[in-house]
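Down below is the structure, laid out as structure tokens.
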Amino acid sequence: MKPAPFAYAKARTLDHAIELLGHGEDARILAGGQSLIATLNMRLSHPALLVDINGVGGLNGVVRKNGHIEIGALVRHAEAERSPEIARQAPLIALAMPHIGHPAIRNRGTIGGSIAFADPAAELPACLLALGGEVDIAGPRGRRTVRAGDFFKGLFETALTPGDVLTAVRLPAAVADARVGFAEFARRHGDYAMAGLAACARADGKRLDDVRLAYFGVGATPVRAHKAEAALAAGDVDAAVSALAKDLDPPDDVQASGAVKLHLAGVLLRRVAGQLAEARP
Ligand SMILES: Cc1cc2nc3c(=O)[nH]c(=O)nc-3n(C[C@H](O)[C@H](O)[C@H](O)COP(=O)(O)OP(=O)(O)OC[C@H]3O[C@@H](n4cnc5c(N)ncnc54)[C@H](O)[C@@H]3O)c2cc1C
């Protein structure tokens, strides 16, 4: 199908982008276009104006700042996948990246677009939640930072309001005893996951502390499994798997029934628990 007609404007600066977005609900940001263009072509959305932010300076780059790693909104998935800085400082992102679509999609798709789009089956929102990251936003009323736990509000719904530009995501830089784990089930490699799990923890001798499990593909947003986290920190993987029935309530969808997703969540947890137990080289 072809999209409904729309106007196009290329923003020169962040302020210019925010000004162009002042057209209200009818204006939409164009970043990598890997999700937006598909929704336009399927006529799932019909904005009057696309505001292209690809020429806006200051939204690229991966920098370490104050114990955090900051990833600009326009950093492409492929750049993040190949970044030695991300491999060292945010190894969970490096683990997740090859699961996102295919190389052609990762060459264009951006980190900011993926977080802003907030597909419930997407990898990066769950990684952001697992790591306890933050999102920087610039909008008509200035700048603000929103924690991952407050950012994802509902199905494709985030703390972004009309006129806002997501400028960067910030993640705590990995410390020496950091452990991460990632696994997903997809029908074919590159498909959105039926269910997936992004996890991190700190090793304390043979024990794990600060266990954070963020599931995706099992609800309207990425979901923390708090009871399973506590059981895993206590060293009881079986209890953690049993606790998932209290933590998660996956709805049926086109991929699988809720019951199948809950079963898959347990299988993923056993795999990821094995990864968390091992120090990375
Ligand atoms: C065949 C196919 C398979 C895919 N598989 C996966 C997958 O397995 N996992 C996965 O996670 N993704 C997958 N994707 C999506 C891909 O990761 C997208 O790149 C990503 O979801 C959106 O990033 P984008 O830069 O392309 O954003 P766009 O498509 O340009 O924008 C997406 C939405 O976010 C908004 N937006 C973009 N940037 C910003 C910003 N900086 N501030 C505020 N709003 C913004 C746009 O207005 C739009 O509403 C797939 C895509 C395709 C086509």
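The values are calculated or read from the model by the stated rules, or taken from the named source; none is laboratory data. All values reported here derive from a predicted model rather than from experimental measurement. As a convention, Cβ positions derive from the backbone with ideal geometry for all residues, glycine included, and neighbour counts pool all protein chains shown. Ligands, DNA and RNA are stripped out before the accessible areas are found, and what is left, the full protein with its side chains, is counted by its heavy atoms. Shrake-Rupley method; radii C 1.70, N 1.55, O 1.52, S 1.80 Å.
Counted without the sites themselves, the longest stretch of the chain free of trypsin sites (Lys or Arg not before Pro) in a DSSP loop having at most 15 other beta carbon atoms within 10 Å is 44-140.
When restricted to Cα atoms, the chain yields an Rg and a Dmax of 18.8, 60 Å, respectively. Note on segment 137-281: Kirkwood hydrodynamic radius from all Cα pairs is 16.5 Å, rounded to one decimal.
One quarter of the convex hull surface built on the alpha carbon atoms of segment 100-155 amounts to 4.5 nm², the projected area averaged over directions.
So, in Å, what gap is there between the alpha-carbon centers of segment 102-143 and segment 253-280? What the calculation gives is 22 Å, centre to centre. Scalar couplings 3J(HN,Hα) for segment 6-17, obtained by applying the Karplus form with A = 6.51, B = -1.76, C = 1.60 to θ = phi - 60°, are 8, 8, 10, 9, 9, 6, 8, 9, 4, 4, 5, 4 Hz; x denotes Gly and Pro. Sequentially through segment 42-52, phi angles give Karplus couplings (6.51, -1.76, 1.60; θ = phi - 60°) of 8, 6, 7, 9, 9, x, 7, 9, 9, 9, 7 Hz, Gly and Pro residues having no value and appearing as x.
To the nearest 20 Debye, how big is the dipole of segment 1-45 about its Cα centre, given +1 on the beta carbon of each Lys and Arg and -1 on that of each Asp and Glu? Dipole about the Cα centre, nearest 20: 260 debye. Rounded to the nearest whole Hz, the Karplus-based 3J(HN,Hα) values (6.51 cos²θ - 1.76 cosθ + 1.60, θ = phi - 60°) of segment 97-104 follow the sequence 3, x, 7, 7, x, 10, x, 4, with x at glycine and proline. Expressed as a whole percent, the accessible surface of segment 91-240 that belongs to carbon and sulfur atoms is 53, based on a 1.4 Å probe. For the chain, the longest principal axis of the Cα atoms and the long axis of helix 258-277 meet at an angle of about 70 degrees. Relative to the Cα centre, the charge distribution of the chain, modelled as +1 at Lys and Arg Cβ and -1 at Asp and Glu Cβ, gives a dipole magnitude of about 440 debye.
Altogether, the Stokes-Einstein calculation at 10 °C and 1.306 mPa s, with the Kirkwood radius of segment 1-123 over Cα pairs as Rh, returns a diffusion coefficient of 103 µm²/s. Residues whose amide H lies under 5 Å from that of Met194, counting only those 5 or more places away or on a different chain, are Phe185, Ala186, Arg187; hydrogens are built 1.01 Å from N in the peptide plane. Put simply, the amide H of Ala173, placed in the peptide plane, has neighbours under 5 Å in His68, Ile69, leaving out anything fewer than 5 places away on its chain. Take the convex hull of the alpha carbons in segment 1-67; its mean projected area over all directions comes to 5.6 nm². For the chain, the per residue solvent-accessible surface stands at 47 Å², with DNA, RNA and ligands left out and a 1.4 Å probe. Short-range pairs are left out: with C-alpha atoms under 8 Å and at least six residues apart, the relative contact order of the chain is 15 percent.
Can you give the % of DSSP beta bridges in the chain that are antiparallel, to the nearest 5? Of all bridge pairs located within the chain, approximately 85 percent are antiparallel.
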